[in-house]
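Presented below is the structure to which this report refers.
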Amino acid sequence: MRKFEDTLLYLTGLFVAIVVISNVIAGKLVQVGPFVVPIAVFCYPLSFAFTDIISEVYGKHVASRVIRVGFGASIILVLFSLLVVVYPPASFFEKNKAYVDVFGFTPRIVFASLLAYLASQTHDIWAFHLWKKKTKGHHLWLRNNLSTMASQFIDTAIFISVAFVGIFPEAVVFKMLVSQYLVKLFIAALDTPFVYLGVRLITGKWEIKESV
């Protein structure tokens, strides 16, 4: 039982780390084939794999609490980022502009990010357990992929629309939405073996058929 609880602690820590890291690095844009996306698309989709593992092994209510912990960590990041930006640097410190550039989130971007996080992660847990009920606990790969694909779309659609509609032309916003979703979808599709492996390492089973 102690090992079971310790594993949940580790999974929660990794989930929160991914959420916070994604928020910090999201400002850097990179080229992925024909798409221009925030570099966080390589990191953030992993968070859905962790919530799916937690949902499968520990149940819906525990996964929901983990999401709230991640939300709290994001709020703390925003508050300390604000402190980094507004607190005057030492007279001899020459790197202040770099810190302001990295941590100077605009309120609209922060709101879009937090809203997208809450909506997509909450949907992921709901959809995961909906499909678990429909499949009677079988086919972990199916509920993992269906819940994550829909949740990634919700995350991308909310963030891009709330953050950028009215700032960029509609065609540009639509291209950003499609580009980010396709890249996230590809990365998320690769996580299924790791979800199976995580469940197996924790429980000794490939999937949990009981409803938790």
In debye, nearest 20: dipole of segment 98-212 around its Cα centre with unit charges on the Cβ of K, R (+) and D, E (-)?
540
Residues whose placed amide H lies under 5 Å from that of PHE168, excluding near-sequence neighbours:
none
Segment 1-20 and segment 84-118 have their Cα centres apart by a whole-number Å value of 28
Pairwise FRET efficiency - PHE80 versus LYS134, Cβ, R0 = 45 Å, nearest 0.05:
0.60
Taking R0 as 30 Å and r as the Cβ-Cβ distance between VAL102 and ARG68, the FRET efficiency 1/(1 + (r/R0)^6), rounded to the nearest 0.05, comes to 0.70
Defining a contact as two alpha carbons under 8 Å apart and six or more residues distant in sequence, what relative contact order in percent does the chain show?
27
Among ASN23, ASN144, ASN96, which one moves the most in a GNM of the chain with springs linking Cα atoms closer than 10 Å?
ASN96
Going fewest to most other Cβ atoms within 10 Å around each Cβ, THR7, THR51 line up as THR7, THR51
Given a cut-off of under 8 Å on Cα pairs at least six residues apart, what relative contact order in percent is computed for segment 95-212?
30
Which of the peptides 190-198, 100-108 is most tightly packed, and how do the rest follow, going by the mean number of other Cβ atoms within 10 Å of each residue?
190-198, 100-108
If packing is taken as the average count of other Cβ atoms within 10 Å, what order do 10-21, 52-63, 78-89 fall into, highest mean first?
52-63, 10-21, 78-89
Env charge @ ASN144, Cβ radius under 9 Å, K,R +1 / D,E -1, value -2
Which residue, chosen from VAL173, ASN145, ILE187, occupies the Cα position most advanced towards the positive end of the dipole of the chain, where the dipole is computed from +1 (Lys, Arg) and -1 (Asp, Glu) charges on Cβ about the Cα centre?
ASN145
Dipole moment magnitude, nearest 20 debye, segment 2-203 about Cα centre, only Lys, Arg, Asp, Glu C-beta charged
480
Using +1 at the Cβ of each Lys and Arg and -1 at the Cβ of each Asp and Glu in the chain, identify which of THR7, CYS43, VAL85 lies farthest towards the dipole's positive end.
THR7
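Bear in mind these aren't lab numbers, they're just calculated from the coordinates by the rules spelled out. Since we're looking at a predicted model, the values are computed, not measured. Every residue, glycine among them, receives a Cβ derived from its backbone with ideal geometry; neighbour counts consider all protein chains shown.
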